Amino acid sequence: MSRYAVIEQESTLATAAPQGVPSPSPRPGSVPLPPELDAAAVERWRASSGAVVDLLAQARELGGVSAVRLGPRPTVLVTDPQAVQHVLALHPDRYVKRSHRARVLVGDGVLSAVGEPWKRQRRLLQAQFTGAGIRRYEQRIAGAARRAADHWAQCVRTGTPTDVGEDMRFFALDTVWRSLTGHPLDEITNRELAAVEAVGAALPTTPSGSAGAAELRAAVVTDLARIDAVAEHAIAAARRGEAGPEGPGLLRVLVDAGATHPEYTDQLIRDELVTLLAAGYETTAKTLSWLYLLLDRHPEARRWALSTGPAGSPERESAIRALASETLRLYPAVWLMPRHATEDDTLAGYRIAAGTDIFVCPYLTHRDPALWPEPERFDPERFTAADESRPSSRHGAYYPFGIGARACLGAQFAMREMTVLLEHLLPAFTPSFHTTPTSAVFGLTVRPDGPAPATITSTPDGS
């Protein structure tokens, strides 16, 4: 198997054909339960110490709405586009977030908040992430991109290897830090905020596998203290009116909100700051890392994107966005979206009882051969066709940032920063990897399982 085979196909799924547990014979006129993966398949998975995605992939073979028993009660897996739309977009009050896995990190920030507090918090932040809001941060994104390009230019001049994954992380964190505070990312802040990833790596993959909050907090108490110290310093500076060299940032909006919204205490501002940091850089960094690993395997995709038009042209920008979109199809920003049914419902013809846990899984929807021809193939041109019948135009078939009321606030921002960075790097540089990660790790995000050291070469002609 080539060194890219596992990256593109992820983990090796169980080879045994999945077997479902027949639903109880329905009474005349009653609604059946979703088909359930049988206990023997679950036990084989447990014995193999496989990733959760392997088990869910077996359940998906039973249909776009199926069930798997990870605990005492079945969890319902949702990958069918219409069912995804039903859960995330049409009935978000029936299928809610409950006890977010990252709560120990983000507290009551907008990512984990529910009900009226969530509505108020999202309303405040929404304007910052519209097209007009993003334009306010355009120069900050460009500054971070130029800094990344300067680093790679220095690597070319000196022949010094660099870790592409770490470079993508620094760029994404630099971008969000500039946007929040008006300051370019400094080395001390960068080092201290590595604790965000350390806490993220300790979080459970699924809610059903979560340790108690107290035990989890104890395991990451030192990292949380480092994050809190950075947040406290930044909030205090914003309260003193100390704008960075690029002007006040989004943190100032949060601080000023306290004048009219008393719920915006220092604790809630801290939670929102850490939420925006964690959600705003890790998913972007991982997507860019995967993109460069995929381009190493498919150099023709880079050549295609650069051939579509000159620098700065709408055609090239569209092609670069297609590179990012196809990467997000294979490695969605959030690969699993847990929900909890608050009332009885019928979903795709199946009965869902109140209290049922739901796993909506964009990772599996995006790799469904019934929706995506040759789903394991990296093909950015999927996202350039104007054909409305293409899978990406179907609601619920493509949703790397979620859909509906709780879709990611920063989706447009993330796409813009990735596009700007790639406009700087793609024409001028090519990384030659020394080694590459051999598999994916499925946590809150899908990340490569190791570093990606590379030598950067200059390609000024875009060849």
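The values are calculated or read from the model by the stated rules, or taken from the named source; none is laboratory data. The model shown is predicted, which means the values in this text are computed figures rather than measured ones. Reconstructed Cβ throughout: ideal geometry from the backbone, glycine too, with neighbour counts over all protein chains shown. For accessibility, only protein heavy atoms count, side chains too; no ligands or nucleic acids. Shrake-Rupley method; radii C 1.70, N 1.55, O 1.52, S 1.80 Å.
Quick notes
- If you go through the stretch 281-303 and pick out every residue that is under 16 Å from the mean Cα position of the chain (by Cα) and open to solvent by 20 Å² or more (accessible area, probe 1.4 Å), you end up with 3.
- Some residue of the stretch 103-111 being among the β-branched types (Val, Ile, Thr), in contact with a strand residue (DSSP E or B) (Cβ under 9 Å, 6 or more places away or on another chain) and touching a residue at least 60 places away in the same chain (Cβ under 8 Å): no
- Residue selected from the stretch 158-173 under the condition open to solvent by less than 20 Å² (accessible area, probe 1.4 Å) and of a type in the set (Val, Ile, Thr), by the criterion nearest to MET418 (Cα to Cα): VAL164
- Sole exception among (1) open to solvent by 30 Å² or more (accessible area, probe 1.4 Å); (2) touching a residue at least 40 places away in the same chain (Cβ under 8 Å); (3) acidic (Asp, Glu) for ASP449, by number: (2)
- Flag: ASP344 matches the condition of being open to solvent by 20 Å² or more (accessible area, probe 1.4 Å) and more than 20 Å from the chain's Cα centre (by Cα).
Residue by residue, here is whether (1) outside any loop (DSSP other than H, G, I, E, B); (2) of a type in the set (S, T, N, Q); (3) under 14 Å from the mean Cα position of the chain (by Cα) holds:
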position	(1), (2), (3)
GLY355	no, no, no
ARG382	yes, no, no
HIS395	no, no, no
ARG416	yes, no, no
VAL420	yes, no, no
ARG447	yes, no, yes
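- If you go through the stretch 90-110 and pick out every residue that is modelled with pLDDT under 95, open to solvent by less than 20 Å² (accessible area, probe 1.4 Å) and not in a helix (DSSP H, G or I), you end up with 4.
- Residue list for the stretch 46-89, restricted to those being buried (at least 20 other Cβ atoms within 10 Å of the Cβ) and over 25 Å from the mean Cα position of the chain (by Cα): LEU62, PRO74
- The residues of the stretch 249-280 that are of a type in the set (D, E, K, R) and open to solvent by less than 10 Å² (accessible area, probe 1.4 Å), listed by number, are ASP271, GLU272.
- Restricting attention to the stretch 45-66, the residues that are touching a helix residue (DSSP H, G or I) at 6+ places or on another chain (Cβ under 9 Å) and over 24 Å from MET337 (Cβ atoms) total 1.
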